[in-house]
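Reading through the structure tokens given below for one structure.
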Amino acid sequence: MRQKLSDADVKTRLEKLPKWTLDNGQITRTIEFATFPAAILFVAAVGHLAEAADHHPDMLITWRKVKFSLVTHDAGGLTENDFALAAKIDALSGQ
């Protein structure tokens, strides 16, 4: 099982990912795209990253926006894996 981070560790890691916010025990970020197809292509790319990391975010797709929510359910909270995948999503988005 993955190790749940302390509140202090979560705060420190969030400072390194300023586009992500803590929301009800998860880290979340919404990214807006120029078109709906661009949003769908991005979701597919994140799906490949998530599968490779064996860590799967919740993704809510609306017209040109995608909201990502990360938490490690089996650890009962946030782990290093959540922040690692968030950083990969940021790098992939270029935003």
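The values are calculated or read from the model by the stated rules, or taken from the named source; none is laboratory data. Predicted model only: the values in this text are computed from it and were never measured. Every residue, glycine as well, gets a Cβ built from its backbone with ideal geometry; the counts of neighbours run over all protein chains shown.
Taking the range 45-58, which residues are surrounded by fewer than 16 Cβ atoms within 10 Å (Cβ to Cβ) and either part of a strand (DSSP E or B) or modelled with pLDDT under 95 (or both)?
Those that are surrounded by fewer than 16 Cβ atoms within 10 Å (Cβ to Cβ) and either part of a strand (DSSP E or B) or modelled with pLDDT under 95 (or both): 53, 54, 56, 58.
With the structure loaded, tell me whether residue 82 is acidic (Asp, Glu), free of Cβ contacts under 8 Å to residues at least 60 places away in the same chain and surrounded by 15 or more Cβ atoms within 10 Å (Cβ to Cβ) or whether it fails that test.
The answer is yes for residue 82.
Quick check on my filter: what residues within the range 1-29 are within 13 Å of the chain's Cα centre (by Cα), among the hydroxyl-bearing types (Ser, Thr, Tyr) and loosely packed, with under 14 Cβ neighbours inside 10 Å?
Listed by number, the list holds a single entry, 21.
Name every residue in the range 64-83 that is within 22 Å of residue 40 (Cα to Cα) and part of a helix (DSSP H, G or I), in order of residue number.
Hit for the range 64-83 is 82, nothing else.
Could you give me the residue pairs with C-beta distances under 6 Å whose first residue belongs to the range 15-36 and is free of Cβ contacts under 8 Å to residues at least 24 places away in the same chain, whose second residue is not in a loop (DSSP other than H, G, I, E, B) wherever it lies, and which are 6+ apart or on separate chains?
Close Cβ pairs (under 6 Å, with a partner that is not in a loop (DSSP other than H, G, I, E, B)) amount to 21/28.
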